[in-house]
1. Can you tell me how many residues in the stretch 41-83 are touching a Leu at 6+ places or on another chain (Cβ under 9 Å), part of a loop (DSSP other than H, G, I, E, B) and of a type in the set (V, I, T)?
2. Would you point out the residue of the stretch 83-111, among those that are on the phi < 0 side of the Ramachandran plot and free of Cβ contacts under 8 Å to residues at least 12 places away in the same chain, that is most open to solvent (accessible area, probe 1.4 Å)?
3. Enumerate the pairs (first residue in the stretch 1-23 and under 18 Å from M103 (Cβ atoms); second residue anywhere and open to solvent by 60 Å² or more (accessible area, probe 1.4 Å) and acidic (D, E)) with beta-carbon separation below 6 Å, excluding pairs fewer than 6 apart on the same chain, so at least 6 apart or on different chains.
4. Could you say which residue among S38, S27 is among the small types (G, A, S), assigned to a helix (DSSP H, G or I) and more than 18 Å from the chain's Cα centre (by Cα)?
5. Can you report the number of residues in the stretch 113-143 which are part of a helix (DSSP H, G or I), of a type in the set (V, I, T) and under 14 Å from the mean Cα position of the chain (by Cα)?
6. Between G60, G43, G56, which is of a type in the set (G, A, S) and surrounded by 11 or more Cβ atoms within 10 Å (Cβ to Cβ)?
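The values are calculated or read from the model by the stated rules, or taken from the named source; none is laboratory data. These numbers come from a predicted model, not from an experiment. Glycine also receives a Cβ, built like all others from the backbone with ideal geometry; neighbour counts cover every protein chain displayed. Protein only, heavy atoms only, side chains kept; ligands, DNA and RNA dropped before computing areas. Shrake-Rupley method; radii C 1.70, N 1.55, O 1.52, S 1.80 Å.
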Amino acid sequence: MICLRPATPDDVPLLEDWDTQPHVIASTGNDDHIDWRSEMESGDPFQETLIAELDGRAIGVVQVIDPAVEVTHYWGDVERHQRAIDIWIGAAADLGRGYGTEMMTLTLDRCFADTDVIAVLIDPLMSNTRAHRFYQRLGFIAVEERVFGHDSCLVHRLDRRSWDCRSGVSTSRSRSDALRGA
């Protein structure tokens with residue numbers, strides 16, 4: 001079973017190693033290299049970096065931001081009460097085993113546990129059609145082509161209602177109620 005835990009400065013060497021993996025490079029585009037140490041030390045309340053672990057072994061990383069208020073304004077002007085996600089599987093040997101689906105499901109549950117969150121955004125590269133299919137299987141809808149930095153991306157959006165329906169949550173009660181077992 002996969003669990004998500006907050007990343008710590010002790011994870012920096014692993015994250016830096018994962019950044020050198022060909023499959024990670026191919027999926028992240030030409031954006032500047034992430035300074036993981038600064039990310040861990042920033043204390044940005046609008047960003048959360050999580051390590052996915054399988055039986056205590058780190059297998060991937062997820063970043064969740066509030067795109068309307070995060071400091072880089074990467075997403076530009078966006079509607080409030082959304083989240084944006086980035087996700088990586090670290091080692092190529094862990095690809096294609098369903099770990100990404102489980103990581104995304106846990107992350108989406110986490111995002112929508114906040115009853116103010118209305119949607120989640122994700123921005124895979126236009127060329128990453130495998131990622132497009134992956135996100136669309138989870139219920140994301142492609143909404144626009146957009147250039148971020150030097151990268152052409154296909155922005156996808158998942159609305160709360162779609163996630164709740166997929167997850168079997170009654171529309172008459174909130175997702176957080178369902179997670180609490182109320």
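1. Here the count works out to 1.
2. The extreme case among them is R97.
3. Correct list of pairs: I2/E102.
4. Answer to the selection: S38.
5. Counting residues in the stretch 113-143 that are part of a helix (DSSP H, G or I), of a type in the set (V, I, T) and under 14 Å from the mean Cα position of the chain (by Cα) gives 0.
6. Just one listed residue meets the conditions, G60.
So that you can scan it fast, the table gives a plain yes or no per residue for (1) more than 25 Å from D17 (Cα to Cα); (2) at pLDDT 95 or above:
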{"residue": "H73", "(1), (2)": "yes, no"}
{"residue": "L106", "(1), (2)": "no, yes"}
{"residue": "R110", "(1), (2)": "yes, yes"}
{"residue": "A119", "(1), (2)": "yes, yes"}
{"residue": "H132", "(1), (2)": "yes, yes"}
{"residue": "H156", "(1), (2)": "yes, yes"}
{"residue": "D164", "(1), (2)": "yes, no"}
{"residue": "S176", "(1), (2)": "yes, no"}
